[in-house]
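S.K.: I have a structure I would like to understand better, so I am pasting it below and will then ask my questions one at a time.
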Amino acid sequence: MLKPGGILVDLRPAPAHRQIGTGAGRTWEPVARLREQLDDDYAANAAVAEVVRRGLFRTERRKRFILDRVMDSVEELRDFIAEFDQRRDLPSQAPLVERLERRYKRQPKPGKVAVRGPMHLAVLRKPSPSGAKMILAILPDASTAEQLLNNLSEAEFDLNDVSVMMQDTTTRNKIAKDAGPLKGVLPMQTAMSLKATGAPPDAVQRAQDAIKNGKVVVAMKIDPKYETAAREMFKDMSAEVL
Amino acid sequence: MPLAIDPAGKEIRALKDITDWKDKRLLEIGCGDGRLTLRLAAFGPGSIEAIDPDPRRIRLARKNLPAAQASLIRFRTGHAEKLRYPADEFDVVVFAWSL
């Protein structure tokens, strides 16, 4: 179903008890914290950890953000809460809603109410076919990297498979496009992204150090049939192949 | 007004930033009434197949589908546990509040 190298986006509430409050957006003020059953959320975390542990996916990116569910009245909030009040074996949330209602009624004019909670968002990448490999190398400077790209292009390698990482992104953008296994990655994110590709930790560390020291890191996705030829071209340019 | 989920748009901004959606063939699992599907369509994917186990919500999603996006998005009733798609069919699979 999912192509090799494709991604799975995991979007769901993070395992945390949400808060209810008056107002919305910047005017939102918390009143109480809901008492929720979080077993399903923890089970989802465990399931994702298991597929990563088994090598079926690699975690590539992860972030959290706050999400609001905004309602026009306390009654709407009651209806919303009633859904999981009924289906969960937990103490009733009614006292919390009553506390919010008291606060709500003290407002000079009717406003909104909102449920606020953290969301979990992650990108998991399905590994490329077992045959697909990556060449990771350090080059001394941008002009050498540019020459290498020219050589690869003349040899009919696809430069869409090549990432060039260096501190000076302006120069990088002059000699190479944002492509290859590290497409969209900023220099400071190189180590994290290389780890996600399965690169060995020592190679990741050396690549990161090289960028910090003003050198250029080139990562190239390569069909094993042409790997030897490509590696020779890297070595011809005095690349340190990791 | 009914419940408004994420009126500030934080969810969609986070999704936009997290990967490149352009021209990708996308499967959304747990699309519900298509709230998120229509937002994902704005990222320029090649196509979106959106499924949900609840046929009532799929009917609602189809009803809400703008004509301009009818060729881009296909809503279907389906279960995550019983997916029937060929191998290597999708570039991106989104579990939308459903894992």
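Values in this text are rule-based calculations from the coordinates and carry no lab data. What you see is a predicted model, and the numbers here were worked out from it, not measured in a lab. Counting neighbours? That spans all protein chains shown, and the Cβs are built from the backbone with ideal geometry, glycine included.
S.K.: What FRET efficiency, computed as 1/(1 + (r/R0)^6) with R0 = 51 Å and r the Cβ-Cβ distance, is obtained for A:Lys225 and B:Asp54, rounded to the nearest 0.05? Could you put the intermediate results ahead of the total?
M.R.: Working: r = 48 Å, r/R0 = 0.93.
The formula returns an efficiency of 0.60 here.
S.K.: Follow-up. Could you pull out every residue, at least 5 positions away or on a different chain, whose amide H is within less than 5 Å of the one on A:Val216? Hs are placed 1.01 Å off N in the peptide plane, and Pro or chain starts have none.
M.R.: It is A:Leu139, A:Asp141, by chain and number.
S.K.: I've got another one for you. Give me a single rounded figure for A:55-67: the average over its residues of other chain Cβ atoms within 10 Å of their Cβ. Working shown, then result.
M.R.: On the way: counts 0, 0, 0, 0, 0, 2, 3, 1, 4, 1, 7, 4, 6.
Mean partner shielding for this stretch: 2.
S.K.: Quick one: of A:Lys195/B:Lys10; A:Lys133/A:Lys212; A:Lys183/B:Lys24; A:Lys212/B:Lys16; A:Lys126/A:Lys195; A:Lys3/A:Lys63, which pairs are farther than 19 Å apart, Cα to Cα? Each step should come with its number before you reach the end.
M.R.: Details: A:Lys195/B:Lys10 28 Å; A:Lys133/A:Lys212 25 Å; A:Lys183/B:Lys24 15 Å; A:Lys212/B:Lys16 29 Å; A:Lys126/A:Lys195 14 Å; A:Lys3/A:Lys63 24 Å.
Result: A:Lys195/B:Lys10; A:Lys133/A:Lys212; A:Lys212/B:Lys16; A:Lys3/A:Lys63 exceed 19 Å.
S.K.: Further question on the same structure: Report the calculated FRET efficiency for B:Ala87 and A:Ser143 (r = Cβ-Cβ distance, R0 = 51 Å), to the nearest 0.05.
M.R.: Details: r = 44 Å, r/R0 = 0.86.
With R0 = 51 Å, the Cβ-Cβ based efficiency is 0.70.
S.K.: A further question on this structure: The range A:1-110: which trypsin sites (Lys or Arg not before Pro) are DSSP loop and have at most 11 other beta-carbon atoms within 10 angstrom?
M.R.: Details: sites: A:Arg18, A:Arg26, A:Arg33, A:Arg35, A:Arg53, A:Arg54, A:Arg58, A:Arg61, A:Arg62, A:Lys63, A:Arg64, A:Arg69, A:Arg78, A:Arg87, A:Arg88, A:Arg99, A:Arg102, A:Arg103, A:Lys105, A:Arg106; in loops: A:Arg18, A:Arg35, A:Arg54, A:Arg88, A:Arg106.
Answer by residue number: A:Arg54, A:Arg106.
S.K.: Measure of size requested: the Rg and Dmax of the protein assembly as shown, with Cα atoms as the atom set and Å as the unit; please supply both.
M.R.: 24.1, 76
S.K.: Any idea how far the Cα center of the range A:31-80 sits from the one of the range A:90-146, in Å?
M.R.: 9 Å
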